[in-house]
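Each value in this text was obtained by applying a stated rule to the coordinates, not by laboratory testing. Since this is a predicted model, take the numbers as computed values, not measurements. Methodologically, a virtual Cβ is constructed for each residue, glycine included, from the backbone with ideal geometry; neighbour enumeration extends over all protein chains shown.
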Amino acid sequence: MNLRAYAIAYLIFLYAPIILLPLFAFNDSTIIAFPLSGFTTNWFVELWETEALHAAVKNSLTIAVITAILSTLLGICASRAAAKYQFPLKRPIMGLIMVPLVLPEIIVGVSLLVVFVQMLDWSLGSWTVIAAHTLICTPFSIAILNGAFQNMDTSLEEAALDLGETPWSTFRLITLPLVMPGIISSLLISFTISLDEFIIAFFLTGAEPTMPVYIWGLLRFPQKLPAVMALGTILVVLSIVLLTIAELMRRRGLRRAGLKDTGGFL
Amino acid sequence: MTAPIIQLSNIQKYYGDYHALRDVSLNIAPGEFFSLLGPSGCGKTTLLRTIAGFEEASAGTLVLAGQDMAGVPANKRPTNMVFQSYAIFPHLSVAENVAFGLRRRSDLSKSGKAALVEEALAMVGLAGFGGRAAHALSGGQRQRVALARALILKPKVLLLDEPLSALDKKMREQMQGELRRLQRQVGITFILVTHDQEEALIMSDRIAVMFEGRIAQVAAPQTLYRRPVDKQVADFIGVMNFLPARARHAGDGIEVDIAGLGTTALDGEQCPAGRPQGAAEVGIRPEMMSLLFEGQTAGAGQSVSEGKVVEQYYYGDMTYYDVALPDVDQPLTLSMKNLVGRPVLDRGDTARVAWDARALVAFPA
């Protein structure tokens with residue numbers, strides 16, 4: 001009984017703030033407070049009509065898509081190398097690649113700012129954000145793809161070679177289809193991470209803010225707060241959908257390879 | 001022997017400091033069912049993978065069907081392999097798996113390929129299974145798909161890496177018979193890697209026994225079993241009792257004085273490792289000795305010793321006994337078929353053991 005009460009309290013603590021988002025997004029008042037005053041979709045309409053927001057969303061989507069592709073490509077190379085080859089210092093090297101996973105983002109943001117602006121003399125913009133997001137997303141891609149590549153029986157590739165295929169056609173016909181669910185999962189997760197990443201983007205975004213940076217800017221105007229709630233609602237729904245698809249893909253990959261599920265992100 | 005299909009000459013393989021294959025030389029004839037037999041880690045799989053092209057020999061030459069294989073990758077070799085895990089492509093159907101090797105055959109029409117696939121599936125007893133998903137197959141069925149997939153390319157040599165080790169006993173025995181039948185039917189050279197000596201004996205025309213990267217003996221099953229070239233081989237193939245003895249040359253053969261059993265003469269053919277002089281060991285297989293029951297007398301040329309049964313193992317068709325003989329250090333293991341009316345002795349019973357000097361082999365100690 002106690003355990004159940006604890007579990008419920010825990011879930012409320014975890015999810016209540018998120019449930020408040022849609023609640024106030026549809027509330028007909030600029031003041032974020034109970035009691036609710038009525039149902040409205042005005043805040044969503046307002047989002048639709050804000051040009052600056054559209055630019056920020058477009059900016060974020062572009063960055064997220066390119067980041068997802070880059071980090072997944074890097075992830076494929078790294079996890080394939082880790083699964084297939086033995087080389088000196090393999091564990092330290094793989095460990096080093098995974099470090100951004102636990103590095104405070106503020107440190108990454110500040111140090112990249114120094115490198116880009118002071119040392120390389122680049123101007124800030126989407127490309128600097130993409131570079132930084134690729135850095136923090138690649139470890140996630142590797143974590144997902146490592147599973148996909150390591151679960152694959154290496155004799156499958158040997159069998160394809162043995163049956164007359166070249167190394168490249170073997171990769172295309174056997175390896176790629178078998179790790180495809182992992183690749184899609186990696187694309188979706190890095191896309192999601194990049195889309196809502198704030199701290200690094202705040203440092204490196206320059207004159208073209210990403211969506212989280214734009215939202216942060218809105219917070220200075222209390223009357224804009226319900227619109228932020230509406231935007232937050234959309235983002236939460238989108239994140240849940242994408243992460244669910246990613247997890248389904250990962251499980252499908254395991255099933256294809258005929259393996260038991262042993263964890264994962266969700 | 002006709003021109004060999006495979007000639008291995010002085011093959012060496014190193015992994016860093018580890019010497020995995022030590023000067024392996026071997027000729028295998030076309031159409032032969034050849035087995036590489038040895039305990040795990042003896043290099044048999046490495047040798048098979050070297051023939052397939054997945055490993056490159058550190059030194060030595062490999063000639064396959066008259067062509068030197070140096071620098072020839074696996075996909076260009078006239079060999080196909082059945083993997084231990086079967087390596088069935090899980091995302092393809094049974095028919096797509098079997099047809100995989102035909103992808104590059106532009107001379108075949110689509111229907112021509114389909115006919116070949118159906119023929120290959122029928123050959124392994126899976127007619128009509130083409131549409132099934134690969135991951136829905138049982139172990140035995142996956143094994144058959146792997147066979148069909150390799151045989152459809154009509155390779156010069158089929159390589160089988162412990163193909164039966166993942167199957168249960170009944171299935172394994174059934175597949176042993178089927179593999180043998182299939183090999184006779186297609187006439188392709190089969191090279192089988194196994195650690196199961198019984199499997200090698202049942203299936204092979206010839207067997208190479210390997211220990212620690214070197215070949216200890218290459219022989220037909222009967223020779224291997226009856227005249228093992230050294231104690232290690234004798235011990236690995238089946239069961240053999242070893243008794244300390246003293247030997248001296250006598251005529252073409254030797255005379256051995258076996259501790260506790262007396263002196264007897266052996267001919268040269270009973271000394272596969274050369275005639276021992278001085279300290280020697282004499283080996284005898286369990287089924288080459290027999291128990292004499294009440295009223296039975298020893299046959300011509302047989303010697304009899306009386307001892308006690310110290311352990312009894314009942315197998316159904318056979319009974320194995322450990323019998324302690326006076327003045328013999330270790331109990332001897334012997335086996336008797338459980339024939340109608342033949343009693344099964346218990347522990348502690350007195351046993352009269354009859355043995356024949358012709359069944360002995362002698363090794364230098």
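What the phi angles of segment B:337-344 give under the Karplus curve with 6.51, -1.76 and 1.60, with θ = phi - 60°, is a coupling list of 5, 8, 7, 4, x, 8, x, 9 Hz, glycine and proline written as x. Think of it as helices only: each DSSP H run of n ≥ 4 in the protein assembly as shown is worth -39500 (n - 2.57), and spread over all residues that comes to -13500 deg cm²/dmol at 222 nm.
Using Cα springs under 10 Å in a Gaussian network model of chain B, which residue among B:G213, B:G101, B:G341 shows the largest mean-square fluctuation? Residue with maximal mean-square fluctuation among B:G213, B:G101, B:G341: B:G341.
Pairs from the table (B:K113/B:K156; B:K44/B:K169; A:K84/B:K156) lying more than 26 angstrom apart at Cα are A:K84/B:K156.
Of B:A65, A:T30, B:S303, which is farthest on the positive side of the dipole of the protein assembly as shown, counting Cα position, with +1 on Lys and Arg Cβ, -1 on Asp and Glu Cβ, and the Cα centre as origin? Checking the options against the dipole of the protein assembly as shown, the answer is A:T30. Look at B:Y315, B:Y14 and count the other Cβ atoms within 10 Å of each Cβ; fewest to most, that gives B:Y315, B:Y14. Spin-label model, B:T263/B:M318: points 7 Å from Cα along the beta carbon direction are separated by 3.4 nm. Length gained on full extension, B:R358 to B:A59: 103.3 nm, using 0.36 nm per residue less the C-alpha separation. Phi angles across segment B:114-119 convert, under the Karplus curve 6.51 cos²θ - 1.76 cosθ + 1.60 with θ = phi - 60°, into 3J(HN,Hα) values of 4, 5, 4, 4, 5, 5 Hz, Gly and Pro given as x.
Highest mean packing first, where packing is the average number of other Cβ atoms within 10 Å per residue, the peptides A:61-69, B:165-173 line up as A:61-69, B:165-173. Only Lys, Arg, Asp and Glu carry charge here, each on its Cβ (+1 for the first two, -1 for the last two); on that basis chain A has a dipole of about 660 debye about its Cα centre.
With the convex hull constructed from alpha-carbon coordinates only, the protein assembly as shown shows a mean projected area of 45.3 nm² over all directions. Net charge dipole, segment A:134-213: roughly 180 debye, given to the nearest 20, about the Cα centre with Cβ charges of +1 for Lys and Arg and -1 for Asp and Glu.
Give me the Debye-computed log₁₀ of I(q)/I(0) at q = 0.13, 0.17 Å⁻¹ for chain A, equal point scatterers on Cα only, no solvent, two decimals. Debye output, listed in q order: -0.98, -1.30. Peptide B:71-79 is shielded by partner chain Cβ atoms: per residue, an average of 3 of them sit within 10 Å of its Cβ. For B:A29, the residues whose modelled amide H falls within less than 5 Å of its own, excluding neighbours fewer than 5 places apart on the same chain, are B:I5.
A crude spin-label estimate for the pair B:Q174 and A:S111, with each label 7 Å from Cα along the Cβ direction, gives 6.2 nm. Take every pair of alpha-carbon atoms less than 8 Å apart whose residues are at least six positions apart; their mean separation over the length of chain A yields a relative contact order of 30 percent.
Among the residues of B:99-109, the average count of other protein chain beta-carbon atoms within 10 Å of the residue beta-carbon is 3. By the count of neighbouring beta-carbon atoms within 10 Å, fewest first, A:T170, A:T210 end up ordered A:T170, A:T210. Remark: relative contact order (chain B) = 15 percent; criterion is Cα-Cα distance under 8 angstrom and separation of 6 or more residues. When each of B:E311, B:E212 is scored by the number of other beta-carbon atoms lying within 10 Å, the sequence from fewest to most is B:E311, B:E212. In segment B:135-291, one over the average inverse separation of all distinct C-alpha pairs is 18.3 Å, which is the Kirkwood hydrodynamic radius. Overall dimensions of segment B:37-187, expressed as equivalent-ellipsoid semi-axes from the Cα gyration tensor (√(5λ), whole Å, largest first), are 26, 21, 14. Within 10 Å of the Cβ of each residue in B:82-95, the mean number of Cβ atoms contributed by other protein chains is 5. Each 10 Å bin from 0 upward holds the following percent of the Cα-Cα pairs of chain B: 5, 20, 25, 21, 16, 9, 4, 0. For chain B, the longest principal axis of the alpha carbon atoms and the long axis of helix B:139-151 meet at an angle near 60°.
When the C-alpha to C-alpha distance is required to be over 21 Å, the pairs from B:K13/B:K154; B:K76/B:K154; B:K231/B:K308 that qualify are B:K13/B:K154; B:K231/B:K308. Considering only B:F190, A:G217, A:I107, the residue lying farthest towards the positive end of the dipole of the protein assembly as shown is A:G217, judged by Cα position with unit charges set on Cβ.
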